[in-house]
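The values are calculated or read from the model by the stated rules, or taken from the named source; none is laboratory data. Since we're looking at a predicted model, the values are computed, not measured. Don't worry about glycine lacking a Cβ; one is built from the backbone with ideal geometry, like all the others, and counts go over all protein chains shown. Just the protein is used for accessible areas: all its heavy atoms, side chains included, with ligands, DNA and RNA removed. Shrake-Rupley method; radii C 1.70, N 1.55, O 1.52, S 1.80 Å.
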Amino acid sequence: MSIIINSSKSVQFQNPFSIDLDGINDHATADGIFNDINVNTGTFSAWIKKDSTSSNDVIFKFDVDGNNQVTIAYVNSTTVLRYQYKAGGTTKKIDHSVSSIENDGNWHHVAVTWDTSADELKAYFDGSQVGGTIGSLGTWSGTVNAFKIGMNSISSNGFWTGHIDQFSAFTSIVPVTTLYNGGTPGNLNGISNLIGWYQFNEGSGTSVVDSSGTTNTATLINGAAFSTDTP
């Protein structure tokens, strides 16, 4: 596992584009991030805008298999955002009701943190913790071999319908108020242990630069498109 300190980096923060996913098969992948993810401690964060859907849509998921995975997903039947840490077959989840999120025309910030030493799973929506703190986390088994943005990496479904922007991943607990930044994306330069930061600034093509410095370049799959609609 690599621990990246970004204090010496100078990455320009911009936000001209997001990605727009069709809910059919669009998604993004960044295979290189496998070796950097810390399954015992981490923070994953994204800005999202939800279109109407009739399915369960995944913001991100990384996994070994069905018994070892971390995800944030939208559950259509109950209109909740589900933040889940599953290790060694032990599922821990936080469901947060977001009944008005579909087609509300607004961008929202989501984040999940986990720390097995502190035995804590926490979920955040628009800068505030939701659903309380969950303990009794299981023990991870195996090595991460799949990481997807906008789809279920296990069953190749659950494609996100809507926009995703400014996706970031850390191997430590990061104060979510820093990531939420008062309701607008900010520069993550200088935050320690950043292993993936996808600003989606390219505007064309299929390759997305990793601004974290780990060179975990992401690739847009199946026609995932850039959009000028940003938070």
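To put it simply, the accessible area of the chain at a 1.4 Å probe is 43 percent carbon and sulfur. How large is the helix-only mean residue ellipticity at 222 nm for the chain, computed as the sum of -39500 (n - 2.57) over DSSP H runs with n ≥ 4, divided by its residue count, in deg cm²/dmol to the nearest 500? After summing the helix terms and dividing by residue count, I get -500 deg cm²/dmol. Between the labelled values (i) 11.6; (ii) 10.9; (iii) 18.9, the entry that holds mean projected area of the Cα convex hull in nm² as derived from this structure is (ii). At a probe radius of 1.4 angstrom, the accessible area of the chain per residue rounds to 38 square angstrom. Taking a Cβ cut-off of under 13 Å around P16, the surrounding Lys, Arg, Asp and Glu residues balance to a net charge of -3, with basic ones at +1 and acidic ones at -1. Simple spin-label estimate for T78 and N25 gives 3.1 nm between the two label positions (7 Å along the Cα-to-Cβ direction from each Cα).
Peptides 36-43, 83-90, 162-169 ranked from most to least packed give 162-169, 36-43, 83-90, packing being the mean of other C-beta atoms within 10 angstrom over each peptide's residues.
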